[in-house]
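Shown next, in structure tokens, is the structure this report addresses.
The values are calculated or read from the model by the stated rules, or taken from the named source; none is laboratory data. Keep in mind that what you see is a predicted model, and the values were worked out from it rather than measured. Here the Cβ is made from the backbone with ideal geometry for all residues, glycine too, and neighbour counts use every protein chain on show. Ligands, DNA and RNA are stripped out before the accessible areas are found, and what is left, the full protein with its side chains, is counted by its heavy atoms. Shrake-Rupley method; radii C 1.70, N 1.55, O 1.52, S 1.80 Å.
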Amino acid sequence: MPKSALRRVMAATSALAGALALGLTAVPASATTPLNYAALGDSYSAGSGILPVDASNLICLRSTADYPHVLAARTGARLTDVTCGAAQTKDFTESQYPGLAPQADAVTADTDLVTLTIGGNDNGTFVNAMLACGTAGLLSGGKGSPCKDTYGTSFDDAIDAKTYPALKTALRAVRAKAPDARVAVLGYPWITPAEADPSCFVSMPIASGDVPYLHALQAHLNAVVQRAATESGAAYVDFSQVSQGHDACQAAGTRWIEPLLFGRNIVPVHPNALGEQRMAERTMSVLGLG
């Protein structure tokens, strides 16, 4: 081979080797760059009732064992956790408490990942339904469907008329702050089984006919959350299958949600530490993290 041709081959080989070396060093560098992670949402996101409590903001009753902390610990993400108990969708763009910034303020153009669970507190969907049905169940001795008979479709109607548009507004606000971020909207794990379990009445005093009524109400809320997420370009993390058999009527160590009475958390009808862990794991699986 002529010397000039040999020099060209050697130069090309050297350039190729250099490019490969740069590429091989660049991939691990980008792969190990921590995600900028903003966690928003209500008490199901905040792990309200689970110890230890985040002492930096006691009013929100946020746990350092909530699913955002679990997810961040397992992925090495840089977490900004502004989840807050009792939060509604409006609290993404308004102050929930005096001196507390709107949750969407935690989302910036540099945010890579956003997770949230929201919507259950709008219109008092969970709180009002649980209190109403629990009271009606006690008064009826667990018989019939007094809650359904009294409230009918009112909770469902409010979800369609008020919660759905509020969810769309909240998700648009998040997307506007970080258009390139991955946004994951988590549904709510099952609170009640699909059918009444007589042995559960002591801890979940809901009349037998109202157990499927509440189950259907939660399914409706989750469907609306999923619809809003999909229409906003967000991923939806579905718990309808994986949380079956882990509702508040199950034994400790199996249940993800604590019951209304005689539970182990200071906040009833909310996820326990196991539930928050499973919510984090499911989210990581859906997003392909970890």
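Overview of results
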item	result
Scan of the stretch 231-246 for residues that are touching a helix residue (DSSP H, G or I) at 6+ places or on another chain (Cβ under 9 Å) and within 18 Å of TYR44 (Cα to Cα), ordered by number	ALA235, TYR236, VAL237, ASP238, PHE239, SER240, VAL242, SER243, HIS246
Flag if ARG74 is surrounded by 19 or more Cβ atoms within 10 Å (Cβ to Cβ) and basic (Lys, Arg)	no
Residues of the stretch 207-217 satisfying the condition of being touching a residue at least 40 places away in the same chain (Cβ under 8 Å) and not aliphatic (A, V, I, L, M)	SER208, GLY209, ASP210, TYR213
Subset of the stretch 34-62 that is in a helix (DSSP H, G or I) and among the small types (Gly, Ala, Ser) - its residue that is nearest to GLY187 (Cα to Cα)	SER45
Identity of the residue in the stretch 183-204, open to solvent by less than 20 Å² (accessible area, probe 1.4 Å) and in contact with a strand residue (DSSP E or B) (Cβ under 8 Å, 6 or more places away or on another chain), that ends up nearest to TYR151 (Cα to Cα)	ILE191
Odd one out for LEU100 among (1) hydrophobic (A, V, I, L, M, F, W, C); (2) in contact with a Phe, Trp or Tyr (Cβ under 9 Å, 6 or more places away or on another chain); (3) surrounded by fewer than 19 Cβ atoms within 10 Å (Cβ to Cβ)	(2)
Flag for GLY290 being modelled with pLDDT under 95, open to solvent by 30 Å² or more (accessible area, probe 1.4 Å) and farther than 30 Å from LYS162 by Cβ	yes
When residues of the stretch 55-64 are limited to those that are surrounded by fewer than 21 Cβ atoms within 10 Å (Cβ to Cβ) and in contact with a Gly (Cβ under 9 Å, 6 or more places away or on another chain), the one nearest to PRO165 (Cα to Cα)	ILE59
Residue pairs meeting the criteria (Cβ under 8 Å; at least 6 apart or on separate chains; first without any contact (Cβ under 8 Å) to a residue 40 or more places away in the chain and more than 19 Å from ARG78 (Cα to Cα), in the stretch 95-109; second polar (S, T, N, Q) and surrounded by fewer than 17 Cβ atoms within 10 Å (Cβ to Cβ))	ALA101/SER95; PRO102/THR93; PRO102/SER95
Residues (of a type in the set (A, V, I, L, M), open to solvent by 50 Å² or more (accessible area, probe 1.4 Å) and in contact (Cβ under 8 Å) with a residue 60 or more places away in the chain) located in the stretch 256-272	ILE266
Pick from the stretch 173-182, criterion crowded, with 17+ Cβ neighbours inside 10 Å and either among the charged types (D, E, K, R) or free of Cβ contacts under 8 Å to residues at least 60 places away in the same chain (or both), ranking: nearest to TRP256 (Cα to Cα)	ARG182
In the stretch 115-146, the residues that are closer than 23 Å to PRO68 by Cα, open to solvent by 10 Å² or more (accessible area, probe 1.4 Å) and polar (S, T, N, Q)	ASN121
Among residues of the stretch 79-97, those that are in a loop (DSSP other than H, G, I, E, B) and surrounded by fewer than 18 Cβ atoms within 10 Å (Cβ to Cβ), counted	5
Residue in the stretch 205-255 that is nearest to ARG278 (Cα to Cα), counting only those that are in a loop (DSSP other than H, G, I, E, B), open to solvent by 20 Å² or more (accessible area, probe 1.4 Å) and hydroxyl-bearing (Ser, Thr, Tyr)	THR254
Criterion violated by ASP112 - all others in (1) under 26 Å from ASP156 (Cα atoms); (2) among the acidic types (Asp, Glu); (3) open to solvent by 10 Å² or more (accessible area, probe 1.4 Å) satisfied	(1)
Matching residues in the stretch 100-132 - criterion: being modelled with pLDDT of 95 or more and part of a helix (DSSP H, G or I)	GLN103, ALA104, ASP105, ALA106, ASP122
